[in-house]
Amino acid sequence: MADKGRIKQSIKDLQRIKTWQLIVLLIIAGFISATFLRLNNIGMVERRDAVLSADKHGDEQVLIQRLYDLQRHVSAHMNTDLGRGVYLESSYARDLQDWQSSQYGDGNPNGNIYKKAQEVCAPRFRSYSAAYLQCTTSELAKYPAAADPATDTSKPRQEAYIHAFSSPLWSPDFAGWSVLLFILILGLIVVRFASLGVLALLLRKHYKSI
């Protein structure tokens with residue numbers, strides 16, 4: 001009888017906190033954690049856009065500072081994954097243009113081939129763009145460069161203009177702590193159901209043994 005009384009008392013203790021109360025807390029914690037995770041991601045997007053804007057304007061010092069801000073935010077906050085990274089397309093295009101000018105410009109033994117390519121492509125495009133760069137590259141490919149392409153390592157490589165930073169799986173910020181709170185409440189609900197099930201099973205076995 002003593003065992004039966006202890007089991008019933010344990011069940012009553014567990015039932016003091018209602019399941020619906022835990023579920024309400026779980027929903028609130030889930031909403032809070034989702035909000036903070038979203039804010040972390042928005043912060044990453046804003047800083048990434050600032051990097052791309054600085055890249056377009058061509059101010060190297062500002063670009064370096066924006067990249068540092070992005071790296072600092074991503075490395076310190078969860079849910080800020082950059083995917084394949086941020087690609088500095090404008091920087092690559094400018095550097096490639098400078099390289100083409102040096103390789104196919106006045107120093108080229110065949111004359112200023114770069115100027116000839118511009119004369120062909122400039123009338124076809126109203127502004128400088130990736131299509132204009134592709135046109136220039138295609139035109140330059142018709143002529144030899146000042147240096148042997150097989151031995152020239154000065155040509156800009158696109159992969160060098162991709163910056164990727166690692167985001168932690170968990171971070172000690174509002175998002176991280178709210179996620180832990182959500183997991184804790186969820187664990188309490190699971191433990192509550194499991195404990196009630198075990199106690200009910202023990203109580204049924206106790207009745208069978210009488």
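Values quoted throughout were computed directly from the atomic coordinates according to the rules given, and no laboratory measurement underlies them. Every value quoted in this text rests on a predicted model; they were computed, and no experiment measured them. Backbone-built Cβ (ideal geometry, glycine too); neighbour counts: all protein chains shown.
Between His57 and Lys18, the contour length at 0.36 nm per residue exceeds the alpha carbon distance by 8.1 nm. Near Met78: Cβ cut-off under 13 Å, other residues only, Lys/Arg at +1 and Asp/Glu at -1. The net charge is -1. A simple packing score, the average count of other Cβ atoms within 10 Å per residue, orders the peptides 68-77, 164-173 as 68-77, 164-173, with the highest score first.
Going from the fewest other Cβ atoms within 10 Å to the most, the residues His57, His163 appear in the order His57, His163.
In this simple spin-label approximation, Ile189 and Val120 carry label points 7 Å from Cα along the Cα→Cβ vector, and these lie 6.6 nm apart.
With neighbour counts taken as other beta-carbon atoms within 10 Å, the residues Val51, Val191 rank, fewest first, as Val191, Val51.
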